[in-house]
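Right, one structure below, let's go through it.
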Amino acid sequence: MTATTSEDRPTAQGHPQRWLILGVICLAQLTVLLDNTVLNVAIPSLTEELDTSTADIQWMINAYSLVQSGLLLTAGSAADRYGRKKMLMAGLALFGIGSLVAGLAQSSAQLIAARAGMGIGGALLITTTLAVVVQIFDDTERVKAIGLWSTVNSLGFAVGPLIGGVMLDHFWWGAIFLINIPVAIVGLVAVVLLVPESRSKQGDRPDLLGALLSTVGMTAVVYAIISGPEHGWTSARVLVSAAVGVLVLGVFVFWELRIPYPMLDMHFFRDQRFVGAVAGAILVAFGMGGSLFLLTQHLQFVLGYGPLEAGLRTAPLALTVVVLNLTGLGARLLPRLGTPATIASGMTLLSAGLAAIAVLGGGTGAGYGGMLLGLVVMGAGISLAMPAMANAIMSAIPPEKAGVGAGVNGTLAEFGNGLGVAVLGAVLNSRFAALVPAAVGAASLPAALAAADGAGERARIADAFASGVETSQLVGAVAVLAGGLLAAVLLRRAERADSPGAVSAA
């Protein structure tokens, strides 16, 4: 199909097949997002079969999210210029090929490289799905559509451990990647048949140097965070990596401010509504991604559940999000409460859920009840906050920049997820190493348990790991709560500046 200027924005009634198309693109989105967390339950299998360390595991997870983070903005710009349907098709094809390579990997290095390759296809998919939603729905239905899209977004993060557990209960770890292939094929056929082509009449040129700078900068920063517990926070390796990351990200900002076609227009940051939504989106992903990374290890290593049992015990988070969003709770509350109050309420609940898991469900003898309560409260918070923040970000960006706006939203989610894994994982490792320095140092928990001398020593190591999880969850809770309050303040100021005395839901 050829693009027309009318495709740059939704018609008054929206596309006639918009709800069917939404289902198709949500399927594609779900496939990508599952791979953010599906690997978590395979950590014990990978540790045993590929002889991986904790740092290796973190890189397997972060390689995927960091590549996406670096390429999302460029992918969104390319979709606006060359066609969102074309980029959606290319993303599905690349993601399927990357999944095949990952499923057949024979070493940690191969799997890390394959995950990075999958991130390229994932970047194309994430940007085009939200951009298409914005294009085919009118203003009256867009909040509801984004709410459903956000449901799939949250579902992908939260249900990954469950699907991974089912697969690992019957197959070897590579199956968690190979299952993506038939889904990618079905999605590709559906996109070809149903999704209309759309693009901006005057799209911007891809900013390849900007993509390179952002990828290098974020990778260097996260590498420093991951390496801190192992090499020491004041070691040359960590300090040099952190300095390089900050410097490169500074060059990225300098470059974006001075080129005619930036992949991220820095002037968007003058809009307090945009800044507030950005802050909230990063920290929701930070809390959710980091929490699931910790929980799946705690359930298996400390409480002794198998992969499927661990996946089932994280499922209440996903179920809560799905139930609340399918009932339209967030879409109904948003116009009544306004964006600031909705986001503040959601992130306060998310923070409370993280704290409940830490205090009530973190110990070796705590059982599952406290963790269940925390997961349900987290799910309620996510179902309120995520749709409101996605809508705020997309509303602050011109319709012809829908791909770039989706790239911004996706970048925040992926970077926040990777940062959550890195920061909370680093807090866990530091606490663990401090409590049992002779037994573990920077090694993984299974290695420490294998080297333990007697049941008493193994119990002490398990208690140390549980203490590390508790500390990490509390750090995440504080960060999410602070981000929620900051986002609400900025969004409230923006609303007052735009229309004094009025409450906006956009």
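Please find, within region 215-263, the residue that is modelled with the lowest pLDDT out of those that are aromatic (Phe, Trp, Tyr) and buried (at least 21 other Cβ atoms within 10 Å of the Cβ).
Among them, the one singled out is 223.
Taking region 64-83 only, how many residues are surrounded by fewer than 22 Cβ atoms within 10 Å (Cβ to Cβ) and out of contact with any Ser or Thr (no Cβ under 7 Å at 6 or more places or on another chain)?
Residues that pass the stated criteria total 1.
What do you reckon, is residue 171 aromatic (Phe, Trp, Tyr), open to solvent by less than 10 Å² (accessible area, probe 1.4 Å) and either on the phi < 0 side of the Ramachandran plot or touching a Ser or Thr at 6+ places or on another chain (Cβ under 6 Å) (or both)?
No: the conditions fail for residue 171.
What tally of residues in region 116-159 results from selecting those that are open to solvent by 10 Å² or more (accessible area, probe 1.4 Å) and not in a helix (DSSP H, G or I)?
1
From the residues in region 299-330 that are part of a loop (DSSP other than H, G, I, E, B) and in contact (Cβ under 8 Å) with a residue 24 or more places away in the chain, which one is surrounded by the fewest Cβ atoms within 10 Å (Cβ to Cβ)?
The selected residue is 328.
The values are calculated or read from the model by the stated rules, or taken from the named source; none is laboratory data. What you are looking at is a predicted structure, and each value in this text was computed from that prediction instead of being measured. Backbone-built Cβ (ideal geometry, glycine too); neighbour counts: all protein chains shown. Surface accessibility is based on the protein's heavy atoms, side chains included, excluding ligands, DNA and RNA. Shrake-Rupley method; radii C 1.70, N 1.55, O 1.52, S 1.80 Å.
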